[in-house]
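Worksheet: one structure, shown below.
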């Protein structure tokens, strides 16, 4: 067993969660054993806090990094919660609406959608999370509290002016040509990790990170050991230290055993 207490960071979708968005039982048991062995565990997800339900929290973690580093909870308290500037957000919204780009705005309390589009994107989005207790609002309700946003182009989209504005004022994680994740400049899952280490006053702590998607790239590169899940994006695998199995094939448990963090 590894005796030095480590900090271990876990992505959610494609890592801790199965295809029904529920924690994989073998991963839950492994994480609880990991904590019993004295290691510290953290969620590190692109999801905003409004999209992290109680079933995930009940797995048992020492903290949460949400919204790709924009919202950090430490010892049960929010110690960082960066909201997007209203003027930049409003202009991005204007451009996306005018150019028929679908989007979802991710905040600490709720997820905002456009319910007036001619397509059915907002209903499909809500249906995708039909078994989750997520507060959805139309973005026109005002008083938007948004950590980050994501977009999805459709057949009617004219993305060029939207992309130009996003690339000028934000950081963009391009998952696919038609889909991206938009963050305040300088933020990533790695910045959340650094903040946790600062709060713990453990700059030299041994860190492990588990992920599967392009928004996990900075996190895996920043960790001492970056673990890519089975089914990860090829580019992520290239920059990881270890490739484990898929979530449903007990990938987290196997990797923790491989590194002797659990028995």
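Computed from the coordinates by the stated procedures, all read-outs in this text should not be read as laboratory data. This one's a predicted model, so the numbers in the text were calculated from it and none came from an experiment. Heads up, the Cβs are rebuilt from the backbone with ideal geometry, glycines too, and the neighbour counts pull from every protein chain shown.
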Practice item. Compute the convex hull volume of the Cα atoms of the stretch 19-158, divide it by the residue count, and report the result per residue in Å³ as a whole number. Key: 116
Exercise for review: Give the Kirkwood hydrodynamic radius (Å, one decimal) of the chain, defined as one over the mean of 1/r across all pairs of different Cα atoms.
Suggested key: 18.8
Review point. Per residue and in Å³, how big is the convex hull formed by the alpha-carbon atoms of the stretch 10-101?
Key: 108
**Study point:** Cα long-axis angle, helix 189-200 against the chain (0 to 90 degrees, to the nearest 10)
**Key:** 50
Review point. Between residue 224 and residue 94, what is the FRET efficiency for a Förster distance of 41 Å, r being their Cβ-Cβ separation, to the nearest 0.05?
Key: 0.40
Check your understanding: Name the residues of the stretch 196-223 whose amide N is less than 11 Å from a point 7 angstrom out from the Cα of residue 242 along the C-beta direction?
Key -> 208-210
Revision key, fill the gap. Over all Cα pairs of the stretch 180-263, the Kirkwood radius sets Rh, and Rg/Rh then becomes 0.99
Revision key, fill the gap. For the chain, the longest principal axis of the Cα atoms and the Cα long axis of helix 25-36 enclose an angle in degrees, to the nearest 10, of 60
Revision key, fill the gap. Rh (Kirkwood, all Cα-Cα pairs) for the stretch 175-220, Å, reads 12.1
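Over all directions, the average projected area of the alpha-carbon convex hull for the stretch 1-50 comes to how many nm²?
It is 3.9 nm².
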Review point. Sorted by mean Cβ packing within 10 Å, highest first, what order do the peptides 126-137, 160-171 take?
Key: 160-171, 126-137
Exercise for review: Mind checking the full-extension length gain between residue 86 and residue 200? Use 0.36 nm per residue of separation minus the Cα-Cα distance, one decimal, nm.
Suggested key: 37.8 nm
Point to revise | Principal-axis tilt of helix 160-169 within the chain, Cα atoms, nearest 10 degrees | key: 50
Revision key, fill the gap. Note: the stretch 112-241 at 10 °C, 1.306 mPa s; Kirkwood Rh on alpha carbon pairs; Stokes-Einstein D in µm²/s works out to 92
Check your understanding: If you average 1/r over every pair of different alpha-carbon atoms in the stretch 86-183 and take one over that average, what Kirkwood value in Å do you get?
Key -> 13.7
